[in-house]
Ligand SMILES: CC(C)(COP(=O)(O)OP(=O)(O)OC[C@H]1O[C@@H](n2cnc3c(N)ncnc32)[C@H](O)[C@@H]1OP(=O)(O)O)[C@@H](O)C(=O)NCCC(=O)NCCS
């Protein structure tokens, strides 16, 4: 479910089982907030925080009581934001991921990333 598209940047919440076996094993049935991104010129103005709050409200209204997200191990600034908003490490180590971003012009970029997984009880 792609639920938000502000400033031509977006995030999505995935309700279906994750691609990564570790996430399916340890967080079955927990929605995942994916690919949160705010246009660089608009960052640090509270937009990311509002997008996360909207995601939390959306999944809570759908009767989910936890929300998880992955953050690159090389992205301490984003992790700091999530921890400030109440997300905590899931305690099962990092996960190697691979994902495709479908660009507006039709290009598909494939990324590989090692992530920490954070979870919040809503
Ligand atoms: C992380 C991100 C979505 C936060 O959105 P935002 O609108 O800037 O966030 P807010 O204004 O609500 O909160 C600001 C906090 O976000 C974090 N942040 C801001 N810019 C950031 C950046 N370029 N990269 C990572 N984190 C950033 C910081 O913790 C910041 O707090 P600070 O200003 O006290 O340092 C946004 O900065 C971004 O798109 N970053 C680049 C892509 C990215 O790292 N996405 C996260 C994938 S898990």
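FYI, it's all coordinate maths here, none of it is from the lab. Predicted, not measured: the structure shown is a model, and the values here were computed from it. Heads up, the Cβs are rebuilt from the backbone with ideal geometry, glycines too, and the neighbour counts pull from every protein chain shown.
By the Stokes-Einstein formula, at 1.002 mPa s and 20 °C, segment 2-121 with its Kirkwood radius over alpha-carbon pairs has D equal to 144 µm²/s.
Full extension of the chain between residue 19 and residue 42 gives 5.2 nm of extra length, using 0.36 nm per residue less the Cα-Cα distance. Using R₀ = 25 Å, calculate the FRET efficiency as 1/(1 + (r/R₀)^6) where r is the Cβ-Cβ separation of residue 50 and residue 99; round to 0.05. FRET efficiency, residue 50 to residue 99: 0.60. On full extension, the segment bounded by residue 62 and residue 110 gains 14.2 nm, given 0.36 nm per residue less the C-alpha separation. Peptides 58-69, 97-108, ordered by how many other C-beta atoms sit within 10 Å of their residues on average, highest first, read 58-69, 97-108. Reducing segment 71-122 and segment 13-62 to their Cα centroids gives an inter-centroid distance of 9 Å.
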